[in-house]
Amino acid sequence: MNSKVPGYMYEKSNIIRLVLLTAAFALLFINIFQPFNSRGWYPNISEFKYFFFSSLIILTGMLVVVISRMIMHSYTKKHDLVYWQYALYVAGEVLAMSLFYTLFSIFVPRSENDRDILEIFYRSTKNTGLVLLLPYSILWLYFSWREKNNMLKKLTQEELAIPGIKKKPMIAFPDEKGEIKISVMIENLLYVDSADNYATIHYLNKSKLSHFLIRNSLKWIEENLTKETPLVRCHRSFIVNLDMVKVLRKTKEGIFLEMDALNTPDIPVSKTYYDRVMDKFSKYSV
């Protein structure tokens, strides 16, 4: 609990996203599904008034979140935020929103006056926590995924942009939606093979053979990732890194490439791709 909360959780842009998306989720969820017997809270009012009351509660309650996150953002400019502090912020938001609903229930709908204030506060705290749990959890996962994806893109760009250093670049492999799934140093990349709409990246990780599956076509990889690199398509199902080829072997069965790594299969070279393989092989074998 004393570990630091990732910085992206209290970035200004992510705070705005959290407030807006949580408000939208709560508003739709309460009015469409009417969970926790919420329609029974105001049994004698019309659907329009129910929508008005629930929307007023949610939108006003979001002011609590706005104030809480503004305080958090201001605090984190000079201090680190740890998990137990973040948990207190969230608990404070839930309790403050619950208190607002309790007061609203007592003074607005007259039918609520016969009920005990502690009972109303207990139920509102429980319901508020349950409604906020889902959007908060989803947004945490989304922010984490987004941050890791941005870091991966930045790392790839930095590796390619280092001036004056002849460092072999990383190859970033995206899926069919353009989201980078893995980046591999060219000196560790062995080959890529495909089946249907999937491609498997084979590479060395700490001298051990590893692989990673992405949803993308070999044709896209050939057209976008092989230029100005030792990667070349040698077969309808294979792209190979010529820097990792130690033997080119011609036999009666055909032409095969032996990789400079243990437990790797011989990669076939088809007649269709033979000329382009040999042309590129002559450039990268010098």
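Since every read-out is calculated from the coordinates, none of them should be taken as a lab result. Model, not experiment: these values are computed from the prediction. Using ideal geometry, Cβ is built from the backbone for each residue, glycine included, and neighbour counts are taken over all protein chains shown.
Using Cβ counts within 10 Å as a stand-in for footprinting exposure, how do V5, V82, V240, V245 rank, fewest first? All intermediate terms of the calculation are to be shown ahead of the outcome.
On the way: V5 19, V82 13, V240 28, V245 22.
Listed from fewest to most nearby Cβ atoms, that is V82, V5, V245, V240.
Work out Dmax and Rg for region 171-284 from the C-alpha atoms and quote the Rg first, both in angstrom.
For region 171-284, the Cα radius of gyration and maximum Cα-Cα distance read 13.3, 42 Å.
Separation between the N197 and E179 pseudo-spin-labels, each 7 Å from Cα along Cα→Cβ, expressed in nm?
Modelled inter-label distance: 1.5 nm.
For the chain, with only Lys/Arg (+1) and Asp/Glu (-1) charged at the beta-carbon, what is the dipole magnitude about the Cα centre, in debye rounded to 20? Please report the intermediate quantities before stating the final value.
Working: 36 positive and 27 negative charges, 105 e Å.
Taking the Cα centre of the chain as origin, the dipole is about 500 debye.
Sort 191-204, 67-80, 260-273 by the packing proxy (mean of other Cβ within 10 Å over each peptide's residues), most packed first.
On the way: 191-204: 18.5, 67-80: 12.9, 260-273: 14.9.
Highest-to-lowest ranking by the protection proxy: 191-204, 260-273, 67-80.
How tilted is helix 47-75 with respect to the longest principal axis of the chain? Cα atoms for both, answer in degrees (0 to 90, nearest 10).
60
Taking every Cα atom in the chain, find the radius of gyration and the maximum pairwise distance Dmax, and write them in Å.
Over the chain's Cα set, Rg and Dmax evaluate to 29.0, 93 Å.
Could you check the spin-label model distance between L225 and T60? Points 7 Å from the Cα along Cα→Cβ, value in nm.
Going from the L225 label point to the T60 one covers 5.5 nm.
Which of the peptides 177-188, 223-234 is most tightly packed, and how do the rest follow, judged by the mean count of other Cβ atoms within 10 Å per residue? Kindly include the intermediate steps, with their values, before the conclusion.
Values: 177-188: 15.2, 223-234: 17.1.
Those peptides, ordered most packed to least, come out 223-234, 177-188.
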